[in-house]
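Okay, structure first, notes after.
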């Protein structure tokens, strides 16, 4: 940008917004050094401008009127941090219309309105940057777009929801049940009062949509792929995994198999030796494979006021230094021929079922699996103090999801089977 | 760049050079999509243009005359992959003089001639990109420069030499000695016939110099900091580390402590729970801490034809898309007030010494440590079949390097001490 002072407007003075203000307070000397310009947080807009956020801000910077940003011709960059669909979408489109660059952390909005926002930005020749929308402060989208641009991406495996990862880590470390850990996570502030969005995989799915666009040039809406959360994982599942050198993680997976794109979100057994197995607590990790790069992983704090604000300001600095940067948000034409149905995905599986402790149960179950071309790699039948009910744990060889589902539907109808059996895919 | 065809000249048709040719062969469609231009590998120069590199190339592209690249006005970007100081430096300066952008993987040259190369490029307003110089294909320098630009970097810990990491991993996994593993690594091609550069830490030091410039805006020459290799590490050290939940890694460390910069390269005991402890075999990992970002790690293949070539082409694409990108290779003015002498560094230490199996030995040793304000956290004195010699292993609490060195000098002079004692810093 030619101007010597860059003005920034921030919409949304919540947690991340406060982090942004704090970076301006602490690191404005650094930002000036990195850009060679004076970078000024001119206006911060929120409905509530009276509650103390614990960060220093001049009252004259605050306003409740979003047009103090959107209609101010001196503002060059608009940071949108209110989240959700509306009014965020309207604000972003108006900012673009008024030829302001936009920085946002709004994954939900991007995942749903990608085409609308990107074509508006292209038309007005402004930049949309959103490093903060996936993996908080972890450098992820820019590397994927730029450093790795010469690679055909083959696979992306992401642990990209801190809440779910915290719960699974805690269940694994302390042998606790899902509900106990969730309650503790809520008290600690690691889980929302309504945690559905995180624990049912929707947050992971939205982030995966963005990664899939950047990695594969394919925009796949959430309705089009399998999304499964972690609420059905028990401490027994985790113990079995542990005993067999696996950990269970909620993964967003996007990969090319035989030219087809697989996109899916579900809990996954990961071998303990895999680097993703070491991504614990609220941390995020994205493991990807490029045809020339081979495997790589980026790791860090996937959420939180400071880490996410760091990505927001990183985007601002990049826009100031490179306002004309071409926007290679995935190749213009998709590299993907078709998207695979979850039924056609193949995987190894972990199966847990509860059956009456009778002779012939294992034979019946393995017979049905065999009918669907599913062979068993290992099986563990536990003696319980319960007497008449025994849990049975199995690991299968590679099989198609369609066959596993059909086989389990029939197994669930066996008289000896006491509760619907569960399966978890293995990486 | 305004032209619709970008011409690239490659100097050095070795391993990585062949990888670059292979990416052009396989992914030119992708490169065209990402840049919107035809990107043409116009000329490949090497002294040897007859040996088959196993990659397809048109003989008309080959030349032994470097001026076919440097003096060709149609060439926009020069890739330098011959390594070493001269003639690489001369070639790069001439390319810059002729207003060509430069991409290089030459860490040795950058570490030594940083100022000369960068000021030449600034004067001619061309870009120098060198993602491939540290960590092979891992996106590292661009994220550090751009995505994390709003952070004051507090620490960088890098496992950035694949050979050393392979040797230490293998020693740890198989309980083998340094020499045995080195021999095997040489046979497998993971270590050079003269491995000095890798195992004595010089390669790590050169890469650390580049990371330190980008992270802290401080250019510290190799003579100015402590560089120590892994040749003195024994299988006993590794076993002790393992038994005490540590692994030993060759680390490049650059961090700000009390406003002073510490730069050093040495083997380090890392707690097993630290993510860096999971960076094994020939893989590289760089763990860094930003004041707002918190900790993050980037992981991947730190060397190899394909991974490194991927970074080289990533740089080319970035230059094509953003030829005017401001070059924020560290802040213009250093953020660092002073550089710490290794003597003033404090750390916990692992100490190994061999002494005669006599009463009072431990008392004498701990007395001397005590004189230098070094307190012992744990000690292990092994019984050996050797009879008169026992190895003693100790872990100290935090102490200054100066004190440790002075104490060990005196301890080494004790009559009961049989060979010079060794210490390894603990992260």
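Nothing in this text is a laboratory measurement; each read-out follows from the coordinates by a stated rule. Bear in mind the structure is a predicted one, so any value in this text is a computation, not a measurement. Every residue, glycine as well, gets a Cβ built from its backbone with ideal geometry; the counts of neighbours run over all protein chains shown.
Given label points at 7 Å from Cα along Cα→Cβ, what nm distances, shortest first, separate residue A:341 from the same residue in every other copy?
7.4
Å³ per residue of the Cα convex hull, for chain A?
145 Å³
Mind checking the mean number of beta-carbon atoms from other chains within 10 Å of the Cβ atoms in A:356-367? Mind showing how you got there, number by number?
On the way: counts 0, 0, 0, 0, 0, 0, 0, 0, 0, 0, 0, 0.
Mean inter-chain Cβ contacts per residue within 10 Å come to 0.
One decimal, nm, shortest first: give the distances between the label point of residue A:36 and those of the same position in the other copies, each label point 7 Å from Cα along Cα→Cβ.
The answer, with the shortest distance listed first, is 2.4 nm.
By per-residue mean of other Cβ atoms within 10 Å, what is the highest-first order of A:419-426, B:185-192?
On the way: A:419-426: 18.1, B:185-192: 14.9.
Answer by packing, highest mean first, reads A:419-426, B:185-192.
What do you get for the angle between helix A:202-216 and the principal long axis of chain A? Use alpha-carbon atoms, 0 to 90 degrees, nearest ten.
Result, in degrees: 70.
Rounded to the nearest 10 degrees, what's the angle between the helix B:305-321 long axis and the longest principal axis of chain B, both from Cα atoms, 0 to 90?
50 degrees
Just checking the output field for A:266-275: average partner chain Cβ neighbours within 10 Å of each residue's Cβ?
Numbers: counts 0, 0, 0, 0, 0, 0, 0, 2, 1, 9.
Rounded to a whole number, the mean comes out at 1.
Looking at the protein assembly as shown only, what percent of DSSP beta bridges run antiparallel? Nearest 5 please.
70 percent
Under 10 Å, Cα contacts only: if you run a Gaussian network model on chain B, which one of B:252, B:84, B:135 comes out with the highest mean-square fluctuation?
Among B:252, B:84, B:135, the largest mean-square fluctuation in the Gaussian network model of chain B belongs to B:84.
In what sequence, highest mean first, do A:356-363, A:108-115 appear when ranked by Cβ atoms within 10 angstrom?
Packing order, densest peptide first, comes out as A:108-115, A:356-363.
Most exposed first by the Cβ proxy, i.e. fewest other Cβ within 10 Å, how do A:348, B:170 rank?
Listed from fewest to most nearby Cβ atoms, that is A:348, B:170.
For B:35, B:268, what ranking results if the residue with the fewest other Cβ atoms within 10 Å of its Cβ goes first? Could the numbers behind the result be given before it?
Working: B:35 20, B:268 24.
Final ranking by Cβ density, sparse to dense: B:35, B:268.
How far apart are the residue A:64 label points across copies, placing each 7 Å from Cα toward Cβ, in nm, shortest first?
Ordered by increasing distance: 8.1 nm.
Quick check on chain B: of the DSSP beta bridges with both residues there, what percent are antiparallel, nearest 5%?
Numbers: 51 of 76 bridges.
So the antiparallel bridges amount to about 65 percent of the total.
Taking the Cα centre of each part, how many Å lie between the stretch B:1-16 and the stretch B:42-62?
Between the Cα centre of the stretch B:1-16 and that of the stretch B:42-62, the gap is 13 Å.
Can you put B:101, B:397 in order, fewest other beta carbons within 10 Å first?
So the ranking, lowest neighbour count to highest, is B:397, B:101.
Let me know the mean shielding of B:136-145 by other chains, meaning the per-residue number of their Cβ atoms within 10 Å of its Cβ.
6
Between the helical axis of B:178-188 and the dominant principal axis of chain B, each derived from Cα atoms, what acute angle in degrees is found, rounded to the nearest 10?
Approximately 20 degrees, to the nearest ten.
7 Å from Cα along Cα→Cβ at both residue A:173 and residue B:177: what's the point-to-point distance in nm?
Rounded to a tenth, the inter-label distance reads 4.1 nm.
Note the per residue figure in Å³ for the convex hull of the C-alpha positions in the stretch A:141-301. Write out the running numbers ahead of the final one.
Values: hull volume 17.8 nm³, N = 161.
That works out to 110 Å³ per residue.
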